[in-house]
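Everything on this sheet refers to the single structure shown next.
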Amino acid sequence: MSQAIPSEFLAIDRKFRARIPYADLDRRDAKVRICDFDDVVICLDPERAMFEASRCIHCPDPAACVAACPVHNDIPSAMWLIEQGKFLEAAQLYRETSSLPEVCGRVCPHEQLCQGSCVRSKYYEQVLTGALEAFVTEYERRTTGVEVPVGGPTGKKVAVVGAGPSGLAVAGQLVQKGHAVTIFDAKEAPGGLLLYGIPNFKLPKEVVFNRWHDLEKAGVKFVGHTYIGKDKTIDDLFAEGFDAVYLGVGTLVDAPMEVPGEDLPGVYKATEFLVRANVDLELLPPELRTRPTIGRKVAVIGGGDTASDCLRTALRIGAEEVICLYRRTEREMPGGRKDRQLAREEGTQYQFLTQPVRFIAGENGWLEKIECIRMELGEPDAKGRRKPVPIEGSNFIVAADTAILALGYWPDPIIGETTPGLETRNWGLIVIDPQTGATSRPGVFAGGDAVTGPDLVVTAMVAGRKAAAGIHTYLESK
């Protein structure tokens, strides 16, 4: 049974709880919220949080929501504590298993994970597990602050390459063991994808900075503007006295489309577009310190969460018409359904079974239109998704003066190319022992998207926590 729930609670009437009415999260009106980058969701208040938590029927172990959570948060116990108004205790419970609960409570695709596995969904609406996780961790920060415990010094030094969710998780776990941690990143500020990739309307930058300051107070050091593989190598880090190195560099190379006109003015890669549109310009390199120029009609190509972020960002910086072009149907889209719902509320249109084949410039040399071809779904590909097949002779034109390519990401091969003895695969993904995070190079560990390819924030964080345990064991053996 979940740890926080008293034994007498077993006799509670689950049918009564199952009938407690559901109310979705409050959101700012779509016409208002597209005028800024502020948070879309209106935060829960204590009374609403307690009421929502009381809808949990507390399934017998193993609860489906716990099994579906990549970090296996004790969600039923957290719901019980929140229902009783014990918000600080619930926050501490989340922090036992998660390094970034204030982030995951906001950006995880809960409808595909914990919330989507809630057994209430068979007959009634699910419990809003993610919103409650975000509420209690924010309440904790406002009420008592957050402190990362620090272990007694071991004299061991660890270099973490990459300041995204995986790297932050590793750092947080290792300082608790007493190891000295320094994070290196090519960017100006820590946060990685959390800061530079996710728009403010989904994850306010303050949430990321607050979590970084927790680690900074615990002694974690940050060295920005340092591109490992170019400015210095893994061998250099060992020569500087680090006892172990963790590689959490993610996959930040935008996949190309490889069609004519891809390099025209008005055609953006998703990363550059989002960074220039969402991030404080002072946190960007000089060549990116201007907001992106867009026209009236914007087309976003792709179907993942990044595509949704680009669609909604384009609306906020002045686009009058925004359309998503996707070569499969909505059923095959990898991005979260919730983000698509919000994008539609805000005015985005979708055109499925559509594949751009050429970007065409106008008289001024700027993008004017996109030649596309209709698609149909054929046999499943290697991942089980039905393969899109062009319909011969079905070419047509979509008017657009701005296009954003959100086609996914590739790994940066430079780490593998500059690190002797490091085994990689698939154009640069790092090969590890899945139990420990250890690579083929002694003392070097890795995790997150640099190993798996693009995945969720929470899975990168889990990989970091697991690798931290492997690094600690390795350092003890030394």
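Coordinate-derived values only; no laboratory data. Computed from a predicted model, the values in this text were never measured in an experiment. With ideal geometry, Cβ positions are generated from the backbone for all residues, glycine too; neighbour counts draw on all protein chains shown.
When the C-alpha to C-alpha distance is required to be over 28 Å, the pairs from Lys269/Lys383; Lys122/Lys205; Lys205/Lys269; Lys31/Lys86; Lys156/Lys230; Lys177/Lys230 that qualify are Lys122/Lys205; Lys31/Lys86; Lys177/Lys230.
A protection proxy built from the mean count of other Cβ atoms within 10 Å ranks the segments 108-120, 417-429, most packed first, as 108-120, 417-429. Note on Thr144 and Val223: the model spin-label points, each 7 Å out from Cα along the C-beta direction, lie 3.6 nm apart. All other residues whose Cβ lies under 14 angstrom from that of Glu138 are scored, Lys and Arg at +1 and Asp and Glu at -1, for a net of -1.
The fraction of all Cα pairs in region 330-478 landing in successive 10 Å bins from 0 to the largest distance is 9, 24, 26, 21, 15, 4, 1, given as whole percents.
Neighbour counting of Cβ atoms within 10 Å sorts the residues Ser477, Ser98, Ser394, fewest neighbours leading, into Ser477, Ser394, Ser98.
For the pair Asp45 and Gln349, a Förster radius of 35 Å applied to the C-beta separation gives a FRET efficiency near 0.50, rounded to the nearest 0.05. Computed 3J(HN,Hα) for region 443-457, one whole-Hz value per residue from the Karplus formula 6.51 cos²θ - 1.76 cosθ + 1.60 where θ = phi - 60°, is x, 10, 10, 8, x, x, 4, 5, 9, 8, x, x, 8, 7, 4, glycine and proline marked x.
Placing R0 at 35 angstrom, the Cβ-Cβ distance between Arg289 and Glu206 gives a FRET efficiency of 0.95 after rounding to 0.05.
Inter-label distance, Arg296 to Ala382: 4.5 nm, where each label sits 7 Å from its Cα along the C-beta direction. Sorting 140-146, 187-193 by their mean Cβ neighbour count within 10 Å, with the most densely packed peptide first, gives 187-193, 140-146. Among 352-361, 243-252, sorting by the average number of other beta carbon atoms lying within 10 angstrom of each residue, highest first, gives 243-252, 352-361. The residues Ile57, Ile183, when put in order of fewest to most other Cβ atoms within 10 Å, stand as Ile57, Ile183.
The alpha carbon convex hull volume per residue for region 42-199 rounds to 132 Å³. Label positions at Ile20 and Glu476, each projected 7 Å from the Cα along the C-beta direction, are separated by 4.1 nm. Footprinting exposure proxy ranking of Tyr124, Tyr409, fewest other C-beta atoms within 10 angstrom first, gives Tyr124, Tyr409. According to the Cα-based calculation, Rg over Rh for region 286-358 is 0.99, with Rh computed by the Kirkwood formula.
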